[in-house]
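Notes follow once the structure below has been shown.
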């Protein structure tokens, strides 16, 4: 009976996944005659996602996980592109690996969402799915990822983490033998925060413990409304042997970004030894990319704007004083909706200048937005960078990678180009020798690899 039940679940899941893939392919068509068909299919996909979530909830009641019914021990990838030349990356070969073994997503336009990082001197890759499944592989064998058992289910017990596209893991970061995982936490009913858990890096069992949590939570019931996506942030990087950097969004409670007593809408410096945090910059909406240059002492960050106004920001000598990047008083985007109250508009006027109001100007903004994501250094002297773009429109320079080059003083962009991939680039990493770049492409639940020729 148990075997029969598992078989039925697998049939149902396979059917639902096939519908998701069909929906993605349909959504690529952009002709006017297809609009109603696409709208109908997107509604069906929403229903199918809900059905998958209900199956997962029922499995949880019996201490089971829907992911294990697909493949209990592994996450399997299939190589679909082999050493192709890619325009814009003349010195690299491009390969792509796709999987059907990742179910849960960080966006409705995705098939699967994951985060990645190197370890073991860049010879191995750790993968974390949006809903807390961990697996590892050799860099030279990305077909088979071995799953790693963990205690994450005993630490994170609220259902939305495992079932809802807005919650879940927001980043992973490996420092030597330590793994850090950032996610949206549920501090109490209808009140959410950002947490980092940590474990000694292991290929057999990850024993997570709470490392850091924001000092308060954001209540869903507030005057500005609530949107978990906007609270995402969650990027982690290292400053030195004693400190990390950590980004937080404002969960759409916009005034928090200008509140000096709040941890939200900030970039934080966290002491690894005592877990205490201090603000290094504020006025951020939802910082999705983060890099610290040790050699030149600056922080390069990216963040989502509202309707338009995605930003690339640079913060030189970031630890001298707290810099303010303006949100929600200044933005080159505009509100999604026009019916906000006078009170909300007075707190979030989105003025079309930063400097005029005493804030730091972005070194670049995008209007329309590109769905900006992670940033990585592309050369060894921190003057060239790659920036991921999610979004949904190639013509708006979404779905690919942006290359930028800074001037000698690293205060402005002197060269910029866009390399389309037709994929939402959720995460990116680069090896220390700059010879290998790996991206997680969530549109098709794939890993893309660029290897220097």
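The values are calculated or read from the model by the stated rules, or taken from the named source; none is laboratory data. This structure is a prediction, so every number in the text was calculated from the model and none was measured. Neighbour counts run over all protein chains shown; Cβ positions are idealised from the backbone, glycine included.
Quick notes on this structure:
- Qualifying positions in the range 163-175 - more than 15 Å from residue 195 (Cβ to Cβ) and at pLDDT below 95: 163, 164, 165, 166
- Test: residue in the range 91-101 that is touching a helix residue (DSSP H, G or I) at 6+ places or on another chain (Cβ under 9 Å) and either under 16 Å from residue 426 (Cβ atoms) or at pLDDT 95 or above (or both): no
- Some residue of the range 382-401 being within 15 Å of residue 118 (Cβ to Cβ) and in contact with a strand residue (DSSP E or B) (Cβ under 9 Å, 6 or more places away or on another chain): no
Table: residues versus (1) crowded, with 18+ Cβ neighbours inside 10 Å; (2) out of contact with any strand residue (DSSP E or B) (no Cβ under 7 Å at 6 or more places or on another chain); (3) assigned by TED's automatic domain parsing to the domain that holds residue 424.
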| residue | (1), (2), (3) |
| --- | --- |
| 143 | no, no, yes |
| 152 | yes, yes, yes |
| 164 | yes, yes, yes |
| 173 | yes, no, yes |
| 186 | yes, no, yes |
| 192 | yes, no, yes |
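- Filter result for residue 278 (surrounded by 24 or more Cβ atoms within 10 Å (Cβ to Cβ) and modelled with pLDDT of 95 or more): no
- Just one residue in the set 338, 342, 307, 364 is surrounded by 13 or more Cβ atoms within 10 Å (Cβ to Cβ) and at pLDDT below 95; that residue is 307.
- Taking the range 100-121 as the range and being more than 14 Å from the chain's Cα centre (by Cα) and surrounded by 22 or more Cβ atoms within 10 Å (Cβ to Cβ) as the test, the residues that pass are 102, 103, 111.
- When the strands (runs of 3 or more DSSP E) confined to the range 75-126 are screened for residues that are without any contact (Cβ under 8 Å) to a residue 24 or more places away in the chain and in the same structural domain as residue 417 (by TED's automatic domain parsing), those reaching at least 1 such residues are found at 78-86, 89-98.
- Qualifying residue in the range 290-299 (condition: in the same structural domain as residue 212 (by TED's automatic domain parsing), within 17 Å of the chain's Cα centre (by Cα), under 24 Å from residue 426 (Cα atoms) and surrounded by 22 or more Cβ atoms within 10 Å (Cβ to Cβ)): yes
- Residue check, residue 24 modelled with pLDDT under 60 and crowded, with 17+ Cβ neighbours inside 10 Å: yes
- The one condition in (1) closer than 20 Å to residue 318 by Cα; (2) surrounded by fewer than 19 Cβ atoms within 10 Å (Cβ to Cβ) that residue 380 fails to fulfil: (1)
- If you go through the range 401-416 and keep only what is within 30 Å of residue 166 (Cα to Cα) and either over 19 Å from the mean Cα position of the chain (by Cα) or surrounded by fewer than 21 Cβ atoms within 10 Å (Cβ to Cβ) (or both), you end up with 403, 404.
- The residues on offer are 398, 427, and the sole one that is buried (at least 16 other Cβ atoms within 10 Å of the Cβ) and either touching a helix residue (DSSP H, G or I) at 6+ places or on another chain (Cβ under 6 Å) or more than 24 Å from residue 77 (Cβ to Cβ) (or both) is 398.
- Among the candidates 343, 311, 361, residue that is in a loop (DSSP other than H, G, I, E, B) and at negative phi: 361
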